[in-house]
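The values are calculated or read from the model by the stated rules, or taken from the named source; none is laboratory data. The structure displayed is predicted, hence computed values, not measured ones. Cβ coordinates were reconstructed from backbone atoms using ideal geometry, including for glycine residues, and neighbour counts include every protein chain displayed. Areas reflect the complete protein model, heavy atoms only, side chains present, ligands, DNA and RNA absent. Shrake-Rupley method; radii C 1.70, N 1.55, O 1.52, S 1.80 Å.
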Amino acid sequence: MKVAVVGTGYVGLVSGTCLAEWGNEVVCVDKNIDKINDLNQGRLPIYEPGLDVLVERNRAAGRLFFTSDLARAVEDAAVVFIAVGTPSRPGHGDADLTFVYMAAKEISTHLAENAVVVVKSTVPVGTGDAVEKIIATKRSRDSFSVASNPEFLREGVAVKDFLKPDRVVIGVSNARARDVLMTLYCTPLEEQNTPIVITHRRTSELIKYASNAFLATKVTFINELADLCEQVGTDVRDLALGVGLDSRIGTSFLNAGPGYGGSCFPKDTLALLRTAQDHGVALRIVEETVAANEARKRKMALKVLDAVGGNVDGLTIAVLGLTFKPDTDDMRDAPSVPLIETLQRFGATVHAYDPIGTENAARILDNVKLYDDPYACAHGADAVVVVTEWDSIRRLDLGRLRMVVRAPALVDLRNAFEAGAAEKAGFKVSAIGRPANRQLEEDNAVPLQLDSAPAPIVRNIVETMGR
Ligand code: NAD
């Protein structure tokens, strides 16, 4: 099938490439000419594991093209995806739909007869109706269809998520759009038996926001319980495991940390709240999630202050990991940014390391010395703070790290290290949802009668004691 993808960012590039991998002929369009030039020279504008190989393979096979010429990309496409950004409107919280409406307007004069326009961007309920109206100013309503097909990929594992999704959601208002999208998705996903949810367009739009709000709430729930764990001397990781193995709950998104960030959860929770407000509905749980996550940012800075005795003025803090999660270069709404800015306001000098994200970080952060070596970054630091749990950070030689720092404070906001290992290396560790002093848990523990315990008769034993 001939497909055009308008917007070649994290979602558009991955979607377009994967659709080409499934055998479609795909043209990805972007207004950013540098991006298109890079792609045409084989350079990826984003870091996404596994994507480079797929782009190269499909370009070489003549199935994947990049252009800034929207008219040519769209004119013979059976399906046109809109995958442009929908950022939060500063000070308002609602989704800024300027790019979506602009894209709709631009494609309207070039669409092929019977083309299906698919909004993949995350958009508030009713946006499909508005896109349809915009296009209808240029052509008759029965010559095109508008569908919703929200994207659920996660940066860092985006290729796998697109090629092997948990489900595909398709929102349509007529049979033609339904049939075209079923053809696009059903054959490649048939073998995996992937559920495909076909629903009304407005329902599909809302599913995306509800999913992200639920996940943001789950993260916030475990973060608050982590605070309680610290006070009562238990380990949130053990708690999360015991809770998450209940199949009704699930273990994913139960890693306590510095609060959710990234290009989706913060803006999508706010946009959902705005939609609810506009319709006179109270989404109190989502409101509390947003507020708790906001408060957590300040709390994380205070945790660093505590670790160094209450004052960072004049101290050097080494921040390890800057991107909002590992395996991406995306710095949008990364928790590292407010943390660093707060520490700077309190008078700290900040040095920072990230294996991939320093280029994007340099565009956002002021007065931060950026390193591509973690030991050089930590050299002479009064405290080390882990904000993103990249593998290269988890695997650090803690003994070597201890040798280069000035003082032994290690604030591990991702529980990247085993407390025992970091303490053994000489660090004073302050982690998330683990007792400040590991001894507390041991002092309070009722001694286990291991000798008299019956021999285990089940195979799946998860032993969390003593880690
Ligand atoms: P992005 O900023 O990385 O990419 C958007 C691209 O669209 C940019 O390259 C921009 O230049 C281009 N663009 C804007 N207007 C254009 C136009 N008229 N014609 C051609 N190109 C145009 O954004 P993203 O992260 O890919 O997100 C896109 C959408 O997908 C958003 O709505 C987002 O909420 C949603 N989403 C993102 C993710 C994610 O992990 N990033 C996951 C699921 C859904």
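Listed by position, the strands (runs of 3 or more DSSP E) inside the stretch 1-102 whose residues that are within 25 Å of Phe152 (Cβ to Cβ) number at least 3 are 2-6, 25-29, 79-82.
Yes/no per residue for (1) part of a helix (DSSP H, G or I); (2) without any contact (Cβ under 8 Å) to a residue 24 or more places away in the chain:
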{"residue": "Asp268", "(1), (2)": "yes, no"}
{"residue": "Ala276", "(1), (2)": "yes, yes"}
{"residue": "Val304", "(1), (2)": "yes, no"}
{"residue": "Ala318", "(1), (2)": "no, no"}
{"residue": "Met331", "(1), (2)": "no, no"}
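Taken over the stretch 1-33, the criterion of being farther than 21 Å from Pro165 by Cα, within 10 Å of the ligand (Cβ to nearest atom) and open to solvent by 20 Å² or more (accessible area, probe 1.4 Å) is satisfied by Asp30, Lys31, Asn32, Ile33. Among the residues of the stretch 50-86, those identified as within 16 Å of the ligand (Cβ to nearest atom), open to solvent by 50 Å² or more (accessible area, probe 1.4 Å) and not aromatic (Phe, Trp, Tyr) are Ser68, Asp69, Arg72, Glu75.
If you go through the stretch 103-123 and keep only what is assigned to a loop (DSSP other than H, G, I, E, B) and either buried (at least 24 other Cβ atoms within 10 Å of the Cβ) or within 8 Å of the ligand (Cβ to nearest atom) (or both), you end up with Lys120, Ser121, Thr122, Val123.
Once the stretch 278-302 is narrowed to residues that are in a loop (DSSP other than H, G, I, E, B) and among the aliphatic types (A, V, I, L, M), the residue that is nearest to the chain's Cα centre (by Cα) is Leu283.
So for the stretch 426-436 (the condition being part of a helix (DSSP H, G or I), among the small types (Gly, Ala, Ser), modelled with pLDDT under 95 and open to solvent by less than 90 Å² (accessible area, probe 1.4 Å)), does at least one residue qualify? No; the residues of the stretch 426-436 include none that is part of a helix (DSSP H, G or I), among the small types (Gly, Ala, Ser), modelled with pLDDT under 95 and open to solvent by less than 90 Å² (accessible area, probe 1.4 Å). Does Glu341 meet the test of being within 25 Å of Tyr260 (Cα to Cα), among the charged types (D, E, K, R) and part of a loop (DSSP other than H, G, I, E, B)? Spelling it out, it is not the case that Glu341 is within 25 Å of Tyr260 (Cα to Cα), among the charged types (D, E, K, R) and part of a loop (DSSP other than H, G, I, E, B). On the stretch given as the stretch 372-390, residues that are part of a helix (DSSP H, G or I) and more than 21 Å from Glu341 (Cβ to Cβ) total 3. For Asp96, the conditions (1) open to solvent by 60 Å² or more (accessible area, probe 1.4 Å); (2) within 12 Å of the ligand (Cβ to nearest atom); (3) of a type outside the set (A, V, I, L, M, F, W, C) all hold with the exception of (1). Exactly one residue out of Val290, Val286, Val308 is open to solvent by less than 50 Å² (accessible area, probe 1.4 Å) and either in contact with a Phe, Trp or Tyr (Cβ under 7 Å, 6 or more places away or on another chain) or within 14 Å of Ala348 (Cα to Cα) (or both): that is Val308.
Among (1) open to solvent by less than 70 Å² (accessible area, probe 1.4 Å); (2) assigned to a loop (DSSP other than H, G, I, E, B); (3) farther than 28 Å from Ala147 by Cβ, where does Gly262 come up short? It fails just one condition, (3).
For the stretch 352-368, a residue qualifies if it is under 20 Å from Leu305 (Cα atoms) and open to solvent by 30 Å² or more (accessible area, probe 1.4 Å), and exactly one does: Asn367. Apart from one condition, Gly156 fits all of (1) touching a strand residue (DSSP E or B) at 6+ places or on another chain (Cβ under 6 Å); (2) within 28 Å of Arg332 (Cα to Cα); (3) open to solvent by less than 40 Å² (accessible area, probe 1.4 Å); the exception is (1).
Evaluating Gly91 against the criteria (1) away from the ligand (no atom under 13 Å from the Cβ); (2) under 23 Å from Leu184 (Cα atoms) leaves one unmet condition, (2). Of the set (1) more than 16 Å from the ligand (Cβ to nearest atom); (2) under 27 Å from Ser173 (Cβ atoms); (3) in the same structural domain as Arg345 (by TED's automatic domain parsing); (4) open to solvent by 40 Å² or more (accessible area, probe 1.4 Å), all apply to Gln231 but (2). All told, Asn174 meets the bar of being over 20 Å from the mean Cα position of the chain (by Cα) and away from the ligand (no atom under 16 Å from the Cβ).
Scanning the stretch 244-254 for residues that are within 23 Å of Asp412 (Cα to Cα), free of Cβ contacts under 8 Å to residues at least 12 places away in the same chain and open to solvent by 50 Å² or more (accessible area, probe 1.4 Å), which turns out nearest to the chain's Cα centre (by Cα)? Full working, then the answer.
Initially, the stretch 244-254 is screened for residues within 23 Å of Asp412 (Cα to Cα), giving 244, 251-254.
Checking the rest, the ones that are also free of Cβ contacts under 8 Å to residues at least 12 places away in the same chain come to 244, 251-252.
Keeping just the survivors that are open to solvent by 50 Å² or more (accessible area, probe 1.4 Å) gives 251-252.
Values: Thr251: 17, Ser252: 13 Å.
Checked the stretch 244-254; the qualifying residue nearest to the chain's Cα centre (by Cα) is Ser252.
Any idea which of Thr275, Thr234 is closer than 30 Å to Pro150 by Cβ and of a type outside the set (D, E, K, R)?
That would be Thr275, the only listed residue that is closer than 30 Å to Pro150 by Cβ and of a type outside the set (D, E, K, R).
Checking each residue in the stretch 403-436 for being free of Cβ contacts under 8 Å to residues at least 60 places away in the same chain, β-branched (Val, Ile, Thr) and under 23 Å from Leu225 (Cβ atoms) picks out only Val429.
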